[in-house]
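Participant: Here it is, the structure in full.
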Amino acid sequence: MPAPDPAAMAFLLSRRSRPAKTLTAPGPDRAALEPILRAALRSPDHGKLEPWRLIVIERGALDRLAAAARARGAALGLPERDIDKGAGQFEDSPLTVAVVAAPKPSDKVPEIEQLNSAAAVCLSLLNAALASGWGANWLTGWPAHDSLFLTESLGLAPHERLTGFVHIGTETTTPPNRPRPNPKEVVTWLSE
C-alpha cells in the first residue's frame, strides 16, 4: 500500500519558478546550498554514471561571466537586446548553479538518457531551491549554447554541454499563477 506524502504532493502541484529578474541578494550561502545540491544529485541516473557536474557561480564569477557574455555577444554581432539579455542573467543573479551534461562512454546507457539525467538534475535543483524557501529559475539563452563562451568562461570540455543555469536568490515578488496544461489534452491512456 502506498504511503502518500501530502505535503510533497501539494508542493509539486503548486510549484512555479520565480522569474530570474525578480531575484535579489542574498542567495543561499554555502551551508544553505549544500542540502539543495545533495537533493539535486539524487536525480535518476541509469547505470550510476553521474553524467553531469555542477558549477556554483558566486558574485565575483557572475560579474566575470556577464563581461564575457557582453564581449562574446559583440564578437558574434548579436543585437544589443540579445547581448543585454544574455549578460543580464549573470549581472542580476545573486547565485547561479550551472548544470553541465558530461556524458560518459557506455555500451548500456545511450547518450540521450545521460542528457535526460542532467535535465533531471536541473529540475531537482530548481525544486529543491524552491522547497527550501528560495526563489529560483532555470534559464539557458544564447550563452548556454555558445561553445566558445562555455569553454573559455566555464571551462567546459569539448564533450560537455550546458543543460541550464539555475539562478537562486531571495524572491522580491510572487508571480501570478499561469495556466497549466490540461491533462485531458496531453495525456493518452492505453488500456490494451
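Participant: Go over the candidates Leu148, Leu130, Leu139, Leu154 one by one and state the one that is in contact (Cβ under 8 Å) with a residue 40 or more places away in the chain and either within 21 Å of Ala8 (Cα to Cα) or basic (Lys, Arg) (or both).
Facilitator: Numbers: Leu148 fails: either within 21 Å of Ala8 (Cα to Cα) or basic (Lys, Arg) (or both); Leu139 fails: either within 21 Å of Ala8 (Cα to Cα) or basic (Lys, Arg) (or both); Leu154 fails: either within 21 Å of Ala8 (Cα to Cα) or basic (Lys, Arg) (or both).
Going through Leu148, Leu130, Leu139, Leu154 in turn, the sole match is Leu130.
Participant: Still on this structure, I have one more. If Gly88 satisfies every condition in (1) surrounded by fewer than 21 Cβ atoms within 10 Å (Cβ to Cβ); (2) outside any helix (DSSP H, G or I); (3) not hydroxyl-bearing (Ser, Thr, Tyr) but one, which is the exception?
Facilitator: Every listed condition holds for Gly88 apart from (2).
Participant: Also, I was wondering about something else. Quick one: is Ala128 modelled with pLDDT of 95 or more, assigned to a helix (DSSP H, G or I) and closer than 18 Å to Ala39 by Cβ?
Facilitator: yes
Participant: Is the range 87-102 home to any residue that is of a type in the set (Asp, Glu), within 24 Å of Ala128 (Cα to Cα), without any contact (Cβ under 8 Å) to a residue 40 or more places away in the chain and touching an Asp or Glu at 6+ places or on another chain (Cβ under 9 Å)?
Facilitator: Within the range 87-102, one or more residues are of a type in the set (Asp, Glu), within 24 Å of Ala128 (Cα to Cα), without any contact (Cβ under 8 Å) to a residue 40 or more places away in the chain and touching an Asp or Glu at 6+ places or on another chain (Cβ under 9 Å).
Participant: Looking only at residues that are crowded, with 21+ Cβ neighbours inside 10 Å and not polar (S, T, N, Q) in the range 111-126, which one is nearest to Glu160 (Cα to Cα)?
Facilitator: Filtering first and then ranking leaves Ala118.
Participant: Sort through Thr170, Thr151 and tell me the only one that's in contact with a Gly (Cβ under 7 Å, 6 or more places away or on another chain), hydroxyl-bearing (Ser, Thr, Tyr) and not in a loop (DSSP other than H, G, I, E, B). Break it down stepwise before answering.
Facilitator: Details: Thr151 fails: in contact with a Gly (Cβ under 7 Å, 6 or more places away or on another chain).
Just one listed residue meets the conditions, Thr170.
Participant: Could you identify the single residue in Arg16, Arg38 that is under 14 Å from Ala136 (Cβ atoms) and out of contact with any helix residue (DSSP H, G or I) (no Cβ under 6 Å at 6 or more places or on another chain)?
Facilitator: Arg16
Quick grid of which residues meet (1) outside any helix (DSSP H, G or I); (2) among the basic types (Lys, Arg); (3) modelled with pLDDT under 95:
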site: Leu13; (1), (2), (3): no, no, yes
site: Pro28; (1), (2), (3): yes, no, no
site: Ala32; (1), (2), (3): no, no, no
site: Pro35; (1), (2), (3): no, no, no
site: Arg38; (1), (2), (3): no, yes, no
site: Gly47; (1), (2), (3): no, no, yes
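Participant: Hey, Lys21 hits all of (1) charged (D, E, K, R); (2) within 29 Å of Lys85 (Cβ to Cβ); (3) at pLDDT 95 or above; (4) in a helix (DSSP H, G or I) but one; which does it fall short on?
Facilitator: (3)
Participant: Please find, among Ala75, Ala71, Ala136, Ala102, the residue that is aliphatic (A, V, I, L, M), modelled with pLDDT of 95 or more, surrounded by fewer than 20 Cβ atoms within 10 Å (Cβ to Cβ) and in contact with a His (Cβ under 9 Å, 6 or more places away or on another chain).
Facilitator: Going through Ala75, Ala71, Ala136, Ala102 in turn, the sole match is Ala102.
The values are calculated or read from the model by the stated rules, or taken from the named source; none is laboratory data. Bear in mind the structure is a predicted one, so any value in this text is a computation, not a measurement. Every residue, glycine among them, receives a Cβ derived from its backbone with ideal geometry; neighbour counts consider all protein chains shown.
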